[in-house]
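The values are calculated or read from the model by the stated rules, or taken from the named source; none is laboratory data. Note that this is a predicted model, so its numbers are computed, not measured. Every residue, glycine among them, receives a Cβ derived from its backbone with ideal geometry; neighbour counts consider all protein chains shown.
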Amino acid sequence: MQRKVFIGIDLDPHVKTMLVKAVSKWHNMPIKWHKEESLHISLIPIGWVNEDDVFEISDAIEAVTTDMSNFDIVFNEIVTISKDDSSNAKDAQLVRLEGDDSDNMRMLFEKLEDELGMPVIKKKHFKPLVTLGRCEQRSGKSLKSFQILM
């Protein structure tokens, strides 16, 4: 059996609760908000893999992170993202929390790709992000007037 796999970093439960509270003011918008327990920092989308390979992926994560120190991540804005990666709210597909560039996240990303035998994509910048919700395209409502305020 195959499973769709990604690598993410779980958020502190208090942070998850704060995020859910922050977006609750937009409950009437045509957005399917992610459940609190699903919120995480996205790192590497791996794709469809055989169930047996999940253990190897888990071992690779442990090998990279075992000796790694904790580090802080600074998040600074909630934005809408369109297919073309612009922040045009009218054509938005995602609502996400974005952070400042993080060298620690970039190094973690590169080390994981290397350990997993994936082609290592050297990045100059790595912005942490948390997808908060997906825009409902067929709702008939527009996000044109969606104001993002933190």
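Looking at the structure I just gave you, is Asp67 more than 22 Å from Val95 (Cα to Cα) and modelled with pLDDT under 90?
Here the answer is yes, as Asp67 does meet what is asked.
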Contacts under 6 angstrom Cβ, first residue in the range 82-102 being more than 12 Å from Glu136 (Cα to Cα), partner modelled with pLDDT under 80 and of a type in the set (Phe, Trp, Tyr), 6 or more apart: Ala89/Phe146
Subset of the range 28-83 (residues that are more than 18 Å from Met118 (Cα to Cα) and of a type in the set (Gly, Ala, Ser)): Ser38, Ser69, Ser82
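Considering only residues that are part of a helix (DSSP H, G or I) and in contact (Cβ under 8 Å) with a residue 40 or more places away in the chain, which ones fall in the range 54-70?
Selection gives Val54, Ile57, Ala60, Ile61, Ala63, Val64, Thr65.
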Scope the range 1-45; condition under 19 Å from Val74 (Cβ atoms), assigned to a loop (DSSP other than H, G, I, E, B) and not charged (D, E, K, R); matching residues: Leu11, Leu39
In the range 17-44, the residues that are surrounded by fewer than 14 Cβ atoms within 10 Å (Cβ to Cβ) and in contact (Cβ under 8 Å) with a residue 24 or more places away in the chain: Lys32
Only listed residue being among the β-branched types (Val, Ile, Thr), within 18 Å of Met105 (Cβ to Cβ) and in contact with a Pro (Cβ under 8 Å, 6 or more places away or on another chain), chosen from Ile41, Ile46, Ile61: Ile41
Close pairs from the range 112-136: first closer than 26 Å to Asp67 by Cβ, partner loosely packed, with under 15 Cβ neighbours inside 10 Å and acidic (Asp, Glu), Cβ under 6 Å, at least 6 apart: Val120/Asp114; His125/Asp101; Lys127/Asp101
Hey, Lys124 under 26 Å from Val74 (Cβ atoms), in contact with a helix residue (DSSP H, G or I) (Cβ under 9 Å, 6 or more places away or on another chain) and at pLDDT 85 or above or not: no
Failed condition for Lys90, given (1) part of a helix (DSSP H, G or I); (2) surrounded by fewer than 13 Cβ atoms within 10 Å (Cβ to Cβ); (3) at pLDDT 75 or above: (3)
Qualifying position, being part of a strand (DSSP E or B), in contact with a helix residue (DSSP H, G or I) (Cβ under 6 Å, 6 or more places away or on another chain) and not aromatic (Phe, Trp, Tyr), among Thr131, Thr80: Thr80
Flag if Thr131 is crowded, with 17+ Cβ neighbours inside 10 Å, modelled with pLDDT under 90 and of a type in the set (Ser, Thr, Tyr): no
Residue within the range 68-82 that is crowded, with 17+ Cβ neighbours inside 10 Å, closer than 25 Å to Lys4 by Cα and among the aromatic types (Phe, Trp, Tyr) present: no
